[in-house]
Amino acid sequence: MTAGTGHRVDRDGPVALAAEILRGTADLRGAKCVEYRDEFDPDIRAADIGYDDESDRWAIVQMVCRACPARGACWEWSSELSHHARPRGPLADVFINPFSAVRRWERRSA
C-alpha cells in the first residue's frame, strides 16, 4: 500500500510498464501542439483541415510552436534524436516546412 492512500501499488501491471517506458523521456507537459494535433500531423493534408495550402498550415504551426511553453524542452529532446528516431512532422528544431514533401505521390498527374 502507498502511504496514506489505502491503495495497493501494482509493480507489475500496465501502470508500471507505462512508467518504465516513459522513464527518461522529455517532460513536454503543456505542449501546444497537442491542441493542434491535425495541423502537426504530416499524414493529414492541409485541405482536409481547412487550409488553402501547406504554406498557410505551416504559418500556423510556426506560430503555435513559437508560443509554446514546452518549446525549450522539445528543442532539447528533438535535437538529440537520431534521424531514424525522429517523429515525422514539425518539431521545435525544424525551420524548413516539413509539409512541402508530404504525400508527394498524391500530387502526381495521371
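The values are calculated or read from the model by the stated rules, or taken from the named source; none is laboratory data. Since the model is a prediction, treat every value here as computed from it, not as a measurement. Glycine also receives a Cβ, built like all others from the backbone with ideal geometry; neighbour counts cover every protein chain displayed. Note: areas computed on protein heavy atoms with side chains; ligands, DNA, RNA excluded. Shrake-Rupley method; radii C 1.70, N 1.55, O 1.52, S 1.80 Å.
Structure values in brief
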quantity: Helices (runs of 4 or more DSSP H) fully within the range 1-69 counting 3 or more residues that are at pLDDT below 80; calculated: 14-22
quantity: Test: residue in the range 77-88 that is in contact (Cβ under 8 Å) with a residue 12 or more places away in the chain and not in a helix (DSSP H, G or I); calculated: yes
quantity: Boolean, Glu80 is closer than 24 Å to Ala26 by Cα and open to solvent by 70 Å² or more (accessible area, probe 1.4 Å); calculated: yes
